[in-house]
Each structure stands twice: as structure tokens, then as C-alpha cells.
Amino acid sequence: MTPATFRAFRAATGGDTIERGVVALTAADLPDDGVLVGVHYSSVNYKDGLASTPSGKVARISPMVPGIDIAGVLLEDAPGFPAGTEVIAHGYDIGVARHGGFAEYARVPAEWLVALPHGLTTRDAMVIGTAGFTAALSVIALHNAGVTPERGPVLVTGATGGVGSAAVAMLATQGYEVVASTGKPEGAGYLTDLGATSIIDRHELSEPGKRPLETTVYAGAVDCVGGVTLANVLKKIHYGGAVAASGLTGGADLPATVLPFILRGVSLLGIDSVMTPIDHRRNVWARIGADLRPAALDRIGHDVSLDELDDVLSGILTGSVTGRTVVDVRR
Ligand SMILES: NC(=O)c1ccc[n+]([C@@H]2O[C@H](COP(=O)([O-])OP(=O)(O)OC[C@H]3O[C@@H](n4cnc5c(N)ncnc54)[C@H](OP(=O)(O)O)[C@@H]3O)[C@@H](O)[C@H]2O)c1
């Protein structure tokens, strides 16, 4: 049961204009299918910024409650999940083609639910969220490709962002030597606290280079920047190393040659969090609650209310956000 009305942050992104802010919704505004979740927390991801602006071309319905991440409690029984179970849901159509987590209530198909793993609160889960889940997929993919801590340092690009922060912390927890690339010199202390052993300036990687290969430095990399940065990272990976690529904050193109692949056996590992099959998603979350749990989780997250979302959604698209913004929908 929902109250007569509840609070939600809603964005209408039709045409070139945008209308967004906190509104009162009723149960009839939620999708017809799925189980009712009392949302505790959501979070702000780069994709939420895109879904809340017309030029982002991410929202497939309008008006929509954005929020690709949801953590809360089931208010109805669902197959395999009794009412009262604390759950996580993210990806698939959530916050893109159906209302997402920026509301006090949501309806989510039962087959998209993940039971909250032991070792995490619903807030912890949203400090991690889609960004941290993507970081976990990246760390697991690197390890499966043979990039183990003894092979050498691992580079993380976009390191102060959501995916980057979680990747730095998870890699450090796993015993890797982590080099963090950032455009925020003031973020150096934050990254060191998360476990980075050294910091480099993002501009070292963002200018097009003339040489197709460079001296190798890293056993692997977690890249959420793409573009010239990813092309430059590939040139610096040791023989047999790998790069897990998940993002495009620096561009969707890849101005690279095949030489790192065919002369050094470097692997480019594609990372997608949206359509990750549910069984794998649940297994990865179980690991996030256990061996991949970032030791410095408390330093990554900071909370906002629904009323403060407008500014945060604008800021994440300019790369100005550090760490993870947790949305306390009941505040
Ligand atoms: N594949 C997937 O399933 C998946 C899942 C989640 C996210 N993503 C993608 O991953 C990327 C990061 O997402 P996020 O939520 O972590 O975003 P975020 O919190 O905004 O972090 C992005 C970081 O990238 C860096 N950056 C920003 N603009 C840049 C530029 N022009 N050139 C180089 N670096 C730049 C900044 O870090 P510094 O200042 O420290 O350099 C920024 O904090 C996005 O493209 C997002 O769409 C993909």
C-alpha cells in the first residue's frame, strides 16, 4: 500500500526543453506490473544526468522518474522474495524506460530483484550502486583475464568519479597497486585514502599521441573515460594485459590502432551493467558484500534529498562530482 500521495523527482525531457523537480505522485502513476518497493535510497549516476536532460537521449518515456538505482524493502510478496525482504534493483529499463528510484515508492519486476547481500545496508548498496557494480564487473573481468596483483600496477581513469572511486577501492582491497588518473588535483588525498598508491594527471592521457605503442607501464586498466584516453591507455599495457572499458565521459570514439592487440596480446574487455543476466548480477552483488567490499566505503558516499537533485544532476554531466551521491528519498 502506498499513501494517497508520495514524493518523487520527475523529469519531462520532450523536445529541447526540460521541466524537472519534486512532485506528488499517486500509486496510479507507477507502472502496472512489478512488485511494490518502499525505496530507502537511490543514487546519482552519469546516466541519470543524461536521462534528466533532453540532449542526453537516454530517457525513453517522458515524463519519467529517473534513478537507475533502487535499494529498499519489498512491500508485497514476490516469487522467491517475501514481503519485508531488503532488495536492490538496477539496470534493465529502470530509470530509462520505466520510473526509477528518485521516489519514495517504485514498482520493479520480480525477476530484476537482488536480495540485499549480507554485509551491506541499503545505504551501502547505493554508495556502490550501478557505478560500483560496474567497477566490480571490471575488476572481476581483469582478474579472469589473468591480471592478478603480482602482474603489476593497474590504472584507473576517471578515478574520482563513481565507477573510478569504487574501482580504486575494490582493487586496493584485492591487493593491487593502483594508479589513479584524475583531472582534479584536489582529489589526490581522497584517492590515496581509497587506496591509490600514486596519482597521475588526466591530461597525460587525454592528448592524441603520434606513436602507436609506448613503453608499457600497467598490467591492466579500468577505463570509464573512452575516447583518446582509452586509446592512449591501450598503448601502455604490458604484454598479455587487459583493459576493462565501461564508459564514455571522454568520448565515444576510439582513435586507436590494432597494434596493442596483435603485437602485445592486449585484451579489450567490454563491460555492461545494464543487461547483466540476473544470476550473474546476484553473484556479483554477493561478492560486493564480501571480498570486493570496498574498505573505504564510508569515504565514497555523501547524501542528498530529492530537493537537492537538480544541481547534482547538472554537475555530474560536467565531471565535477567526486565519489557517489546517495539520494535519501525519505529525507
Ligand atoms: N558500461 C556500463 O554498464 C556503465 C555503467 C556505469 C557507468 N558507465 C559509464 O561510465 C562513465 C562514468 O560513470 P560515473 O557514473 O562514474 O560518472 P562520474 O561519477 O561523473 O565520473 C566520471 C569521471 O570521469 C572523469 N571525466 C569527466 N569528464 C572527463 C573528460 N572529458 N575526460 C576525461 N575524464 C573525464 C572525471 O573524473 P576525474 O576528474 O577524476 O578525471 C569524472 O568524475 C560514464 O560514461 C557512464 O555512462 C557505464
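Residues are listed down the side, and each one gets a yes or a no for (1) over 18 Å from Val326 (Cβ atoms); (2) touching a helix residue (DSSP H, G or I) at 6+ places or on another chain (Cβ under 8 Å):
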site: Val163; (1), (2): no, yes
site: Leu171; (1), (2): yes, yes
site: Pro185; (1), (2): yes, no
site: Ile199; (1), (2): yes, yes
site: His203; (1), (2): yes, no
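Would you tally the residues in segment 172-203 being within 11 Å of the ligand (Cβ to nearest atom) and part of a helix (DSSP H, G or I)?
7
When you scan segment 149-166, how many residues do you find that are more than 9 Å from the ligand (Cβ to nearest atom), open to solvent by 10 Å² or more (accessible area, probe 1.4 Å) and touching a residue at least 60 places away in the same chain (Cβ under 8 Å)?
Of the residues in segment 149-166, 3 are more than 9 Å from the ligand (Cβ to nearest atom), open to solvent by 10 Å² or more (accessible area, probe 1.4 Å) and touching a residue at least 60 places away in the same chain (Cβ under 8 Å).
Can you tell me which residues in segment 297-331 are within 16 Å of the ligand (Cβ to nearest atom), more than 15 Å from the chain's Cα centre (by Cα) and open to solvent by less than 10 Å² (accessible area, probe 1.4 Å)?
Leu309
When you check Ala169 against the structure, is it assigned to a strand (DSSP E or B), at pLDDT 95 or above and either surrounded by 21 or more Cβ atoms within 10 Å (Cβ to Cβ) or within 15 Å of the ligand (Cβ to nearest atom) (or both), yes or no?
no
Has segment 16-31 got at least one residue that is in a loop (DSSP other than H, G, I, E, B), closer than 18 Å to Met126 by Cα and either acidic (Asp, Glu) or open to solvent by less than 50 Å² (accessible area, probe 1.4 Å) (or both)?
No, segment 16-31 contains no residue that is in a loop (DSSP other than H, G, I, E, B), closer than 18 Å to Met126 by Cα and either acidic (Asp, Glu) or open to solvent by less than 50 Å² (accessible area, probe 1.4 Å) (or both).
Could you look through segment 258-291, keep only residues that are open to solvent by less than 20 Å² (accessible area, probe 1.4 Å) and without any contact (Cβ under 8 Å) to a residue 60 or more places away in the chain, and pick out the one that is nearest to the chain's Cα centre (by Cα)?
Ranking the qualifying residues of segment 258-291, first place goes to Val266.
Which one is nearest to the ligand (Cβ to nearest atom) among residues in segment 233-251 that are farther than 21 Å from Gly315 by Cβ and open to solvent by 10 Å² or more (accessible area, probe 1.4 Å)?
Ala245
What pairs come out if I take residues in segment 133-148 that are under 9 Å from Ser267 (Cβ atoms) and pair them with residues that are of a type in the set (S, T, N, Q) whose C-beta lies under 8 Å away, six or more apart or interchain?
So the pair list comes out as Ala145/Ser267.
Give segment 123-147 a look and list any residue that's more than 12 Å from the ligand (Cβ to nearest atom) and either outside any helix (DSSP H, G or I) or open to solvent by 10 Å² or more (accessible area, probe 1.4 Å) (or both), or say none.
Of everything in segment 123-147, those that are more than 12 Å from the ligand (Cβ to nearest atom) and either outside any helix (DSSP H, G or I) or open to solvent by 10 Å² or more (accessible area, probe 1.4 Å) (or both) turn out to be Arg123, Asp124, Ile140, His143, Asn144, Ala145, Gly146, Val147.
Going by the structure shown, is Glu150 in contact with a helix residue (DSSP H, G or I) (Cβ under 9 Å, 6 or more places away or on another chain) and among the acidic types (Asp, Glu)?
no
Is at least one residue of segment 276-295 under 23 Å from Arg10 (Cα atoms), β-branched (Val, Ile, Thr) and more than 14 Å from the ligand (Cβ to nearest atom)?
Scanning segment 276-295 turns up no residue that is under 23 Å from Arg10 (Cα atoms), β-branched (Val, Ile, Thr) and more than 14 Å from the ligand (Cβ to nearest atom).
Taking only segment 67-95 into account, find how many residues are crowded, with 19+ Cβ neighbours inside 10 Å and in contact (Cβ under 8 Å) with a residue 60 or more places away in the chain.
Total meeting the criteria: 7.
The values are calculated or read from the model by the stated rules, or taken from the named source; none is laboratory data. All values derive from a computational prediction rather than experimental measurement. Note: ideal-geometry Cβ built from the backbone for every residue, glycine included; neighbour counts use all protein chains shown. Protein only, heavy atoms only, side chains kept; ligands, DNA and RNA dropped before computing areas. Shrake-Rupley method; radii C 1.70, N 1.55, O 1.52, S 1.80 Å.
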